[in-house]
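Asks: Quick one: structure below, then a few questions.
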Amino acid sequence: MKGLRLGKKKAIDTEVDPYMSDVKPDEAAACVKCGAIYHKKRWTLPEDAAKAVLARASTRVSANVTCPGCLKVRDKFAEGFVTIQGSFQKAHKDEIIRLLRNKESLTRHTNPLARIIEIKRSGKTIEVTTTTENLAQRLGQMLHKTFAGECEYKWSSDVKLARVVWTRNEPASGGK
């Protein structure tokens, strides 16, 4: 039978993001902070700086148009938390942070609202907060794929929130 779907449909989260306002900016508006363009009910990044300038020039951009991603970063409204722990992270902090920033940059091309809010380093852990739970999950997957180790994912059932804990310890050095 054509069109018959086997299996369950993916559950759609109907919870409303408080930063996605009911009143949408004018069609083809631009974020005054990051340059993201709102067009056809979707935020996207312009392909290059020239297109961003043209988009801003051709729209009625109010000084108050700020994308939800920039608002979440400003307010430190986190939906994702990534904890990086273990002795491996102590020796590879700079490499890990560079990979986190690269993953954020790549993810922003598909979802410009997905951002790293903050990266806090301490002796024992690196704590990362993100604007979306999906970015936290992707960061954990990237760490696990790149460096192995163990990754644990937890999602809240009542609010949009993900907690990811990635752990890798260096093998103990010593003789056989």
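Asks: In this structure, is R74 closer than 22 Å to K41 by Cα and either buried (at least 19 other Cβ atoms within 10 Å of the Cβ) or over 14 Å from the mean Cα position of the chain (by Cα) (or both)?
Replies: For R74, the condition - closer than 22 Å to K41 by Cα and either buried (at least 19 other Cβ atoms within 10 Å of the Cβ) or over 14 Å from the mean Cα position of the chain (by Cα) (or both) - is not met.
Asks: For region 39-56, enumerate the residues that are outside any loop (DSSP other than H, G, I, E, B), open to solvent by 100 Å² or more (accessible area, probe 1.4 Å) and modelled with pLDDT of 75 or more.
Replies: Result: R42, single match.
Asks: Return a yes/no flag: does region 136-154 have any residue that is open to solvent by less than 30 Å² (accessible area, probe 1.4 Å) and among the hydroxyl-bearing types (S, T, Y).
Replies: So far as region 136-154 goes, no, none of its residues is open to solvent by less than 30 Å² (accessible area, probe 1.4 Å) and among the hydroxyl-bearing types (S, T, Y).
Asks: Do we find a residue being part of a loop (DSSP other than H, G, I, E, B) and among the hydroxyl-bearing types (S, T, Y) anywhere in region 70-93?
Replies: no
Asks: Answer with yes or no whether L113 is under 23 Å from T66 (Cα atoms), surrounded by 15 or more Cβ atoms within 10 Å (Cβ to Cβ), modelled with pLDDT under 95 and in contact with a strand residue (DSSP E or B) (Cβ under 7 Å, 6 or more places away or on another chain).
Replies: Yes: the conditions hold for L113.
Asks: Would you be able to say whether some residue in region 97-117 is of a type in the set (G, A, S), touching a Cys at 6+ places or on another chain (Cβ under 9 Å) and closer than 30 Å to K41 by Cβ?
Replies: no
The values are calculated or read from the model by the stated rules, or taken from the named source; none is laboratory data. Since the structure is predicted, the reported quantities are computational estimates derived from the model, not experimental observations. Methodologically, a virtual Cβ is constructed for each residue, glycine included, from the backbone with ideal geometry; neighbour enumeration extends over all protein chains shown. Remember, those area values only see protein heavy atoms, side chains included, never the ligands or the DNA or RNA. Shrake-Rupley method; radii C 1.70, N 1.55, O 1.52, S 1.80 Å.
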